[in-house]
Amino acid sequence: MRIVIIGAGPVGLGAAYRLQELGHRDWALYERGEKLGGLASSHTDSAGFTYDIGGHVMFSHYKYFDALVEKMLGADHTRLLRESWIWMRDRWIPYPLQNNIRHLPAAELLECLDGLVDVQGADASSARDFGEWSELQFGAGITRHFMRPYNFKVWAHPLEMMSKDWIAERVAVVDLKRVLANIINERDDLSWGPNNMFKYPLHGGTGRQHRPL
Ligand SMILES: Cc1cc2nc3c(=O)[nH]c(=O)nc-3n(C[C@H](O)[C@H](O)[C@H](O)COP(=O)(O)OP(=O)(O)OC[C@H]3O[C@@H](n4cnc5c(N)ncnc54)[C@H](O)[C@@H]3O)c2cc1C
């Protein structure tokens, strides 16, 4: 079987690697750019600073992928704590916002808390789309101030046009008790999520390439 793979982003490279591993030899991988890696490539400037074009947090739920990363990186990696900040209302707020609403101005904080209290007991699994899911999961305040503007910026589509099924583990759902404890204890809550710690190459960024095309 002759196989052609178009594009040497992570998906094309992964397909080629797997074909080779399975014993196929009649395959070809075509890349129109000058570098491998697509949106997961990295670029080092003349001053020696490395920038990841896109992907920078590596995580998976697949033993195969984890073993491959282990094999590729060997000891040449470090482990980083994911730390993201949201610039809004003239201040930095730690991600995920829903756990750190204590940083919002008082009127918005109250609106967010009101909304959270309103949706206690609501069943978000019945939602038809991402917009309705957000309203039922986070309440009106967080949805209005953050979920709608942020997700519209990321996905360039109204939330009502998006399915809710992909979301489950990418969006931190809210535990009201935890939110209240964060407010009272003035605690920043950064540790949420499956990728809060991740491996990162010591040299060359996520898209480190051993040799040019
Ligand atoms: C800003 C940003 C941040 C991100 N952060 C993360 C992150 O932290 N963690 C994470 O896991 N993911 C992250 N991602 C997502 C990740 O980068 C992508 O999911 C991944 O790169 C997709 O891989 P791909 O191979 O499908 O496509 P791409 O990476 O887009 O690669 C496609 C390749 O195909 C080539 N190509 C296209 N058309 C042709 C053609 N006609 N002929 C030949 N070649 C062609 C392109 O030049 C490119 O090299 C991020 C993405 C962005 C944009």
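Does Lys199 qualify as being of a type in the set (Lys, Arg), within 16 Å of the ligand (Cβ to nearest atom) and modelled with pLDDT under 95? Walk me through it before giving the result.
Details: of a type in the set (Lys, Arg): yes; within 16 Å of the ligand (Cβ to nearest atom): yes; modelled with pLDDT under 95: yes.
For Lys199, the condition - of a type in the set (Lys, Arg), within 16 Å of the ligand (Cβ to nearest atom) and modelled with pLDDT under 95 - is met.
Condition first: in contact with a Lys or Arg (Cβ under 8 Å, 6 or more places away or on another chain) and part of a loop (DSSP other than H, G, I, E, B). Now tell me which residues in the stretch 129-163 satisfy that.
Scanning the stretch 129-163 gives a single hit, Asp129.
Could you grab me the full set of residues in the stretch 29-52 that are under 21 Å from Leu68 (Cα atoms) and surrounded by fewer than 13 Cβ atoms within 10 Å (Cβ to Cβ)?
Scanning the stretch 29-52 gives a single hit, Leu39.
It is to be established whether one or more residues within the stretch 59-76 are aliphatic (A, V, I, L, M), farther than 19 Å from Tyr200 by Cβ, more than 8 Å from the ligand (Cβ to nearest atom) and in contact with a Gly (Cβ under 9 Å, 6 or more places away or on another chain).
Kept after step one, since they are aliphatic (A, V, I, L, M), are these residues of the stretch 59-76: 67-69, 72-73, 75.
Subsequent filtering for residues that are farther than 19 Å from Tyr200 by Cβ retains none.
There is no residue in the stretch 59-76 that is aliphatic (A, V, I, L, M), farther than 19 Å from Tyr200 by Cβ, more than 8 Å from the ligand (Cβ to nearest atom) and in contact with a Gly (Cβ under 9 Å, 6 or more places away or on another chain).
Going by the structure shown, is Ser126 under 23 Å from His61 (Cβ atoms) and either exposed (fewer than 13 other Cβ atoms within 10 Å of the Cβ) or in the same structural domain as Tyr62 (by TED's automatic domain parsing) (or both)?
Details: under 23 Å from His61 (Cβ atoms): no; either exposed (fewer than 13 other Cβ atoms within 10 Å of the Cβ) or in the same structural domain as Tyr62 (by TED's automatic domain parsing) (or both): yes.
No.
Which of the strands (runs of 3 or more DSSP E) found entirely inside the stretch 59-101 contain at least 1 residues meeting this: surrounded by 11 or more Cβ atoms within 10 Å (Cβ to Cβ), without any contact (Cβ under 8 Å) to a residue 12 or more places away in the chain and hydrophobic (A, V, I, L, M, F, W, C)? Walk me through how you get there before you give the answer.
Details: elements: 77-81, 85-88, 91-94.
Ranges flagged: 85-88, 91-94.
The values are calculated or read from the model by the stated rules, or taken from the named source; none is laboratory data. Note that the structure is a prediction, hence the values are computed from the model and not measured. We place every Cβ from the backbone using ideal geometry, glycine too, and count neighbours over all the protein chains shown.
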